[in-house]
1. For the range B:63-106, take the convex hull of the Cα atoms, compute a quarter of its surface area, and give me that in nm², please.
2. Treat the count of other C-beta atoms within 10 Å as a stand-in for reagent exposure and order A:His178, B:His30, B:His55 from fewest to most.
3. With the cut-off at 28 Å, report for chain B the share of all Cα pairs above it, as a whole percent.
4. Please list the equivalent ellipsoid semi-axes of the range A:1-106, computed as the square roots of five times the alpha-carbon gyration tensor eigenvalues, in descending order and whole angstrom.
5. Viscosity 1.002 mPa s, temperature 20 °C: give me the Stokes-Einstein translational D for the range B:66-143 in µm²/s, with Rh taken as the Kirkwood radius over C-alpha pairs.
6. Sorted from fewest to most neighbouring beta carbons within 10 Å, what does the list A:Tyr63, A:Tyr100 look like?
7. Treating the Cα atoms of the range A:186-337 as identical point scatterers in vacuum, please give the log10 of the normalised Debye intensity I(q)/I(0) at q = 0.16, 0.17, 0.20 Å⁻¹, two decimals.
8. Take the Cα pairs of the range A:263-305, get the Kirkwood Rh, then feed it into Stokes-Einstein at 25 °C and 0.890 mPa s and tell me D in µm²/s.
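All of the numbers you see were taken from the coordinates with simple rules; none came from a lab. Bear in mind the structure is a predicted one, so any value in this text is a computation, not a measurement. Because the Cβ atoms are built from the backbone with ideal geometry, glycine has one as well, and the counts that use them run over all protein chains shown.
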Amino acid sequence: MKSIKDTTAIVGVATTDFSTDSGRTEYSLACEVIKAAVDDAGLRLDQIDGMVKDVVDGIDAMYVQKALGMETLSYSSDSHWGTSPLLNAVTAIASGTANYVVYFRSANNGSGKRAGSDFRAAKETKDESLDLIRYDFYSPFGLLTPAGMIGMGVRRYYDDYGIDPAQIGWVPVVCSEHAAANPHAIFFDAPIGHDDYLASDVVVDPLRRLDCAPEVDGAIAVVITSAERAKDLADTPAVVMSVAQGTSTEGENLSSYNREVLSRLPEMELMGRELFRVAGIGPSDISVAQLDDRFAPLVPMQLEALGFCGEGEGAAFCEGGDALRVGGRLALNTNGGFLGEGLLARHERDRGGPPDPWHLDQPGRRRGVGAGGHRCGWPCGRSDPAPVAITAIATATAGAGGASRWAGFIDRASTPEVVAA
Amino acid sequence: MTIEYVPGIPILKASLDDDNRPFWEAVNRHELVLQRCGACKLYLQPPRPMCPECHSMDTLEWVESPGRGEIYSYVNFTTDRMAYPAMKVPYSVVLVELEEGVRLVSNMIDLEPDEVKIGIPVEVVFDDISDDLTLFKFKVRES
């Protein structure tokens with residue numbers, strides 16, 4: 001089988017401003033960010049012939065295409081729960097189906113409607129999608145929000161391996177430290193300490209508020225083309241060494257309650273094996289990891305699943321934070337991650353009140369910004385100070401026991417910048 | 001009764017279809033039934049149109065369960081804005097592992113959130129919440 005290794009490259013990236021209330025439609029954000037990413041690549045919009053979006057976003061790709069004046073798309077897809085939009089784009093290009101693919105996300109997560117309200121509306125209209133059928137077994141008992149659904153697996157993870165939640169607190173601490181140097185981040189210049197973590201409210205036991213990533217409004221886009229075509233463009237491309245996704249048995253987005261154990265991430269293990277196989281490298285070669293930190297305990301679980309430490313050793317790996325800091329064994333989310341920079345993902349229901357990234361009252365915290373992308377670990381645009389050439393990107397749509405994982409390795413050896421999706 | 005419902009906010013009921021209807025109709029009769037493949041005897045939760053082991057579609061059957069098991073995991077909703085608006089916080093949601101091996105999300109009727117622990121033996125009960133809604137819930141079982 002033909003390998004996708006080094007056949008494609010990321011040649012353009014862009015983000016909009018990020019805030020807790022964009023005051024704009026998601027279509028407006030999408031059009032702005034796609035044009036900016038195409039400009040960044042040195043391309044014209046009429047050269048883009050592939051579009052990948054995320055099924056999580058409630059946006060109609062045809063409408064975006066119309067507004068941008070993109071006449072013909074030879075490839076387009078919605079990336080579903082836990083599948084990889086980057087893999088969609090890469091395979092479309094590697095197969096010759098498309099020449100230039102744009103992947104985008106656009107969501108008003110800070111201010112807009114959320115998953116819960118979507119479910120309610122769908123219920124009232126008797127929508128019988130698979131997700132709703134599954135939720136039928138959860139929502140009547142008050143289990144609806146992602147923090148609650150993920151908490152079941154987190155509880156088992158803590159219990160099965162004797163983990164002290166205080167160990168997990170080092171994940172948001174380090175992410176906020178990294179975000180403190182990122183002017184786009186919600187924790188810019190405002191790092192938290194471990195004491196802040198211990199003092200933060202338990203919002204859905206076993207999760208504290210600072211275990212949960214703050215949500216923002218905004219959009220991100222990347223442009224992907226073949227490694228050959230990338231050579232004709234002005235900027236140094238980020239060559240995609242490897243990209244993979246994984247799904248496993250009895251998978252469900254956020255829940256997967258009927259698989260053998262809830263304290264591990266089997267799809268992440270499968271994805272990691274494929275990712276390293278295609279790249280021809282292993283965990284010991286990796287110095288930076290952009291992991292899904294929508295919920296902090298997912299980080300040690302992913303460290304175990306990807307082979308950066310042994311089973312049950314993830315929390316000890318995180319303790320004290322030194323291994324996760326820039327210059328440590330594995331620099332984690334050097335932009336601040338979702339926890340530090342901001343999360344672009346449909347999430348908790350809104351019950352009114354002032355805009356606030358956690359949908360909780362947050363006095364004293366800087367509002368607003370972030371380039372986090374649901375399934376798009378985003379190392380700080382073009383100015384990330386990561387000291388290594390290879391970045392491991394592993395993001396997830398599903399948390400503990402979730403539906404699947406995807407990741408990509410980006411080789412940026414020829415430039416100090418790191419770009420990834 | 002440890003779950004307190006908020007008047008005027010509807011509880012999201014199951015949307016019935018041909019795959020899950022027997023389950024919820026049984027709950028209305030105060031029975032717990034589980035989907036099982038009659039050929040390979042595999043229990044399936046949530047219900048589905050095909051057995052993932054032997055791929056048969058016409059051997060799927062519904063078998064009554066005594067509803068005995070233990071708490072496998074749980075979460076406690078302590079903050080109003082991350083909770084389900086129809087229920088007053090704090091409330092606990094449990095994941096019960098039945099003796100048949102499948103797990104069900106539910107609520108306890110006789111434990112406060114701070115009393116819930118992994119491993120507590122439980123058995124099913126039925127809660128007639130309103131004229132048109134019955135839910136299966138669990139209570140502590142004398143082991």
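1. For the Cα atoms of the range B:63-106, the hull's average projected area reads 3.7 nm².
2. So the ranking, lowest neighbour count to highest, is B:His55, B:His30, A:His178.
3. 22 percent
4. Equivalent-ellipsoid dimensions as semi-axes: 23, 15, 13 Å.
5. For the chosen part, D equals 166 µm²/s.
6. Listed from fewest to most nearby Cβ atoms, that is A:Tyr63, A:Tyr100.
7. -1.13, -1.24, -1.48
8. 222 µm²/s
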